[in-house]
Amino acid sequence: MSMLDEICQKIDEEMGKLDHELTRDLPERIRKAVELGDLRENAEYKAALERQQFVQARMSHLSQRQSELFQIDVENLPSDRVGFGSKVSVEDLEMKEVFDFTIVAGDFMDLDAGQISLASPIGQGLLGARKDQEVTISLPRGERRYRVLKLLTLPEQLEMG
């Protein structure tokens, strides 16, 4: 299963849970709150309506993300430079430490799993870099220099799979 498939599966799972909450749980909460009487000072009713708005906004956002993911043209992603989905090993030239990252979309970043958002300073700094290239990245704690030691792009991963 490719990273794109995994992301789409995560979106589908979350949207399924949110849809259930929106169509089953929240209407029930709202119905029960209405039965309690005066809606102007009904905290349960207000909380349910706020949650309903949040769920609707989150579903809209996820739907937009899914649409963006479907538009990613894997065929035209570079196979020799860092881009979306690339697995990268970089060496911090000052600290002499090696870090392994997978470049992902911002919503699906998991630092514990070694995932870095494409929109983050490191993701942006590595974007377009080739194997053995040195890059300087401005981070909140100052500039850091990295060398790309290994690179496995998404198109290469899909060929292997």
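Annotations for the structure displayed:
- Applying the Karplus relation 6.51 cos²θ - 1.76 cosθ + 1.60 with θ = phi - 60° to the range 53-67 yields 3J(HN,Hα) values of 5, 4, 4, 4, 5, 5, 5, 4, 4, 5, 4, 5, 4, 5, 4 Hz, where x marks Gly and Pro.
- The alpha carbon gyration tensor of the chain gives principal lengths a ≥ b ≥ c with a/c of 1.5 or higher and a/b greater than b/c, which makes the shape prolate.
- Two-site label geometry, Asp112 and Glu159: point separation in nm, points 7 Å out along Cα→Cβ: 3.5 nm
- Note on Gln9 and Glu134: the model spin-label points, each 7 Å out from Cα along the C-beta direction, lie 4.1 nm apart.
- Choice from Leu93, Leu36, Leu118 with maximal GNM fluctuation in the chain (Cα, 10 Å cutoff): Leu36
- Ascending count of other beta-carbon atoms within 10 Å, so fewest first, for Ser86, Ser79, Ser120: Ser79, Ser120, Ser86
- Between the helical axis of 26-35 and the longest alpha-carbon principal axis of the chain there is an angle of about 30 degrees.
- Cross-link partners of Lys46 among lysines (Cα-Cα below 27 Å; sequence separation of 8 or more within a chain): Lys17, Lys32
- With both residues required to sit in the range 76-160, DSSP beta bridges show an antiparallel share near 85%.
- Choice from Glu94, Glu134, Glu41 showing the highest fluctuation, given a GNM over the chain with Cα pairs closer than 10 Å: Glu41
- When only Cα pairs below 8 angstrom with a gap of at least 6 residues are kept, the chain shows a relative contact order of 22 percent.
- Model label sites at Leu149 and Arg58, defined 7 Å from Cα along the beta-carbon direction, differ in position by 3.8 nm.
None of the figures in this text is laboratory data; all of them are computed from the coordinates on show. Computed from a predicted model, the values in this text were never measured in an experiment. A quick note on method: Cβ atoms are made from the backbone with ideal geometry, for glycine too, and the neighbour counts reach across all protein chains shown.
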